[in-house]
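Working notes, beginning with the structure itself.
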Amino acid sequence: MRGRILGGVLIAVFLLLLAPASSARMRETLWSLALQDNRPVAPFQIAPGLYYVGSSDIAVYALTSDQGIILIDAGYESTAARIPGNLRALGLDPASVRIILNTHPHFDHAAGLAQIKALTGAQLYASPGDAPELENGGLGNFFLGDWMSFTPVHVDHLLHDGETLRLGDREITAHFTPGHTKGCTSWSFPIAVDGQIRQALVICSLSTLRYRLVRNAAYPNIAADYQHTYAILHRLPCEVFLGAHAKWFDMGRKRRALAAGAAPNPFVDPQGCAAHIESHERAFLSELERQRRRR
C-alpha cells in the first residue's frame, strides 16, 4: 500500500513540475488523483449538530447553531464545489453558513475557501500566522514556495490564541498549534454525544513533511513551534477525535460502525487522539535529533 501511494506521489510530483505555474487547478487535480484523497463520499452526522461534509480524506466539518452554520475548512476547489450539495443532503442550507474557519493554508484545505465565501457571504476567521498566506493565495510558503497556489481569499477577522467564537448557542475555541504552518490552528468545542457533553478537537496537522527543522532561514522558530504545539495538545481535552485529514482518526471505519448502530459513538476516541499526538511527537523528536546530528 505504501509503495503504491509513494509511486502515485512521485508521478504527481513529476507531472506537477511539467504543469505551467498558472495552472493551479491542474496541479490540484493531479495531486488529488495521485493521493486519492478527494473522492466524493456521502455526508453524515457525527453527533447532533456536527456533520462531516468533506471528501474521502480531505475533511470539512459543519457545526450548526440556532443562528447558522460554522464551517471548518473547504478543501480543494473541487471539494468546495461539492460542499453545498453535501449540506443540502443533510437538510442544511448553504446560505446559513455564517463563519468559515481554516486549519491551515495548504491548498488541499484552503483552495476552496474563496469559493465558499463568495457563495455564502460568510466571514472568514484565521490566525495572524496564516492569514497572509490565505490572502496571497498560498504564495511564498516557507516549504512549498509558490508551488501549490490557489485563489486568494480575504480574511475578515484575525484570531488571537485561545479566542472563543460564538454563533448563537454554539461556541468554538481557536488554539494556535504552529509548525506544520506558521499559524496552524486546531479547534475545540463541546458537543453532545449519546446524551453527554464531550470535548471535540479538530487537530490542524503535526506532519513535518520534509521540513528543515534546524537552521531554517525561512522559519527559524519551527522546532520551538512544534514543541510548543505538543505541549498545548497534551493539555487539551480530546474526547471526540477529529482532524484536517479523515485518515488520522480512521473516519471510514468509525463511520461504518456508527451506521451499523455501534454504541457508544465510535468517534469518542480519546485513546486514538492521544496515540496520534504521541506517535507524531516521537517522529518529530527523532527527526529533530537526526538533523541536529548532521549540523
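The values are calculated or read from the model by the stated rules, or taken from the named source; none is laboratory data. Worth saying up front: this structure is predicted, and the values here are computed from it rather than measured. Ideal geometry is used to build each Cβ from the backbone, glycine not excepted, and the neighbour counts take in all protein chains shown. Quick note on the areas: whole protein, heavy atoms, side chains included, nothing else; ligands and nucleic acids left out. Shrake-Rupley method; radii C 1.70, N 1.55, O 1.52, S 1.80 Å.
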### Considering residues of the stretch 231-244 that are in a loop (DSSP other than H, G, I, E, B) and within 17 Å of the chain's Cα centre (by Cα) only, the residue farthest from Ala74 (Cα to Cα)
Cys238
### Message
Given the condition modelled with pLDDT under 90 and not polar (S, T, N, Q), answer yes or no: does some residue in the stretch 35-50 qualify?
### Response
yes
### Count - residues of the stretch 90-115 that are part of a helix (DSSP H, G or I) and in contact with a Lys or Arg (Cβ under 9 Å, 6 or more places away or on another chain)
2
### Query
What are the residues in the stretch 86-104 that are more than 21 Å from Pro40 (Cβ to Cβ) and open to solvent by 30 Å² or more (accessible area, probe 1.4 Å), if any?
Ala95, Arg98
### Query
Which one of the conditions (1) out of contact with any Pro (no Cβ under 9 Å at 6 or more places or on another chain); (2) part of a helix (DSSP H, G or I); (3) not charged (D, E, K, R) does Asn38 fail to meet, given that it meets all the rest?
(2)
#### Entry: strands (runs of 3 or more DSSP E) contained entirely in the stretch 116-230, each with at least 2 residues that are surrounded by 20 or more Cβ atoms within 10 Å (Cβ to Cβ) and in contact with a strand residue (DSSP E or B) (Cβ under 6 Å, 6 or more places away or on another chain)
123-126, 170-176, 185-193, 196-203
### Summary
Filtering the stretch 52-85 for residues that are out of contact with any helix residue (DSSP H, G or I) (no Cβ under 8 Å at 6 or more places or on another chain), open to solvent by 20 Å² or more (accessible area, probe 1.4 Å) and either over 19 Å from Val153 (Cβ atoms) or in a strand (DSSP E or B) (or both) leaves a count of 5
### Task
Just name the residue that is farthest from Leu167 (Cα to Cα) out of those in the stretch 36-51 that are open to solvent by less than 10 Å² (accessible area, probe 1.4 Å) and of a type in the set (A, V, I, L, M, F, W, C).
Ile46
#### Entry: Positions within the stretch 265-284 being free of Cβ contacts under 8 Å to residues at least 40 places away in the same chain and surrounded by 15 or more Cβ atoms within 10 Å (Cβ to Cβ), in sequence order
Pro266, Asp269, Pro270, Gly272
### Query
Any residue at all in the stretch 245-264 that is open to solvent by less than 20 Å² (accessible area, probe 1.4 Å), part of a strand (DSSP E or B) and closer than 15 Å to Leu50 by Cα?
no
